[in-house]
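Let me begin by presenting the structure, written as structure tokens, before commenting on it.
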């Protein structure tokens, strides 16, 4: 089945799971978004380095890091009309990772901006991750060579920007720090 890309049609995870046209989609509050073609090598390099640093830190620990594409059903318990594929996510409750997806809210999400996803990542997903309760949301700006870290506190994100030469603490992973010099080295 192929979905209809109309703004007035709202879908659920059940609809999403039936689409088999070979394209990648995200579903946010029932609205469908067609995913961009494959990311650039620079985007992949940054994702790879972020994943490598997180994976190394988490080795032997209960939290796990995943890299796209992995379906994340943010509101599986209520409505089940949001499925996103963050570039990177960290999940500390492994009961959420079953079968082919993550059913529930990750502890941390990282999105690397690209021209085609910029407004979705900075506005639509920002607000959805906030409402869903993602405790830490990083927005990585490849072109600007910086990272905005959003920490959930009292129902709001507290944001702080970091430059490409800094070391950034990961709030949800006690003792974890990310070296942005390595992230932006390529």
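The values are calculated or read from the model by the stated rules, or taken from the named source; none is laboratory data. Predicted, not measured: the structure shown is a model, and the values here were computed from it. Reconstructed Cβ throughout: ideal geometry from the backbone, glycine too, with neighbour counts over all protein chains shown.
Results, tabulated for the structure shown:
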{"read-out": "Residue in the stretch 93-113 that is assigned to a helix (DSSP H, G or I), modelled with pLDDT of 95 or more and surrounded by 21 or more Cβ atoms within 10 Å (Cβ to Cβ) present", "value": "no"}
{"read-out": "Segments classed as strands (runs of 3 or more DSSP E), wholly inside the stretch 115-186, with at least 1 members that are over 13 Å from the mean Cα position of the chain (by Cα), farther than 19 Å from residue 49 by Cβ and modelled with pLDDT of 95 or more", "value": "146-153, 156-163"}
{"read-out": "Candidate set: the stretch 35-47, residues that are in a helix (DSSP H, G or I) and in contact with a strand residue (DSSP E or B) (Cβ under 8 Å, 6 or more places away or on another chain); chosen: the one surrounded by the fewest Cβ atoms within 10 Å (Cβ to Cβ)", "value": "43"}
{"read-out": "Where a residue in the stretch 22-47 is on the phi > 0 side of the Ramachandran plot and touching a residue at least 60 places away in the same chain (Cβ under 8 Å) and its partner, wherever it lies, is crowded, with 16+ Cβ neighbours inside 10 Å and not in a loop (DSSP other than H, G, I, E, B), with Cβ under 6 Å and at least six apart", "value": "none"}
{"read-out": "Residue check, residue 66 part of a strand (DSSP E or B), within 27 Å of residue 142 (Cα to Cα) and at pLDDT 95 or above", "value": "yes"}
{"read-out": "For residue 97: the one exception among (1) within 27 Å of residue 21 (Cα to Cα); (2) touching a strand residue (DSSP E or B) at 6+ places or on another chain (Cβ under 6 Å); (3) free of Cβ contacts under 8 Å to residues at least 24 places away in the same chain", "value": "(3)"}
{"read-out": "Check on residue 60, within 27 Å of residue 173 (Cα to Cα) and over 19 Å from the mean Cα position of the chain (by Cα)", "value": "yes"}
{"read-out": "Conditions (1) surrounded by 17 or more Cβ atoms within 10 Å (Cβ to Cβ); (2) touching a helix residue (DSSP H, G or I) at 6+ places or on another chain (Cβ under 8 Å): number failed by residue 62", "value": "(1)"}
{"read-out": "Condition check for residue 22: part of a loop (DSSP other than H, G, I, E, B), out of contact with any strand residue (DSSP E or B) (no Cβ under 8 Å at 6 or more places or on another chain) and at pLDDT 95 or above", "value": "no"}
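Rundown of residues vs (1) part of a strand (DSSP E or B); (2) modelled with pLDDT under 95; (3) more than 16 Å from the chain's Cα centre (by Cα); (4) surrounded by 15 or more Cβ atoms within 10 Å (Cβ to Cβ), yes/no style:
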| position | (1), (2), (3), (4) |
| --- | --- |
| 26 | yes, yes, no, yes |
| 33 | yes, yes, no, yes |
| 54 | no, no, no, yes |
| 79 | no, yes, yes, no |
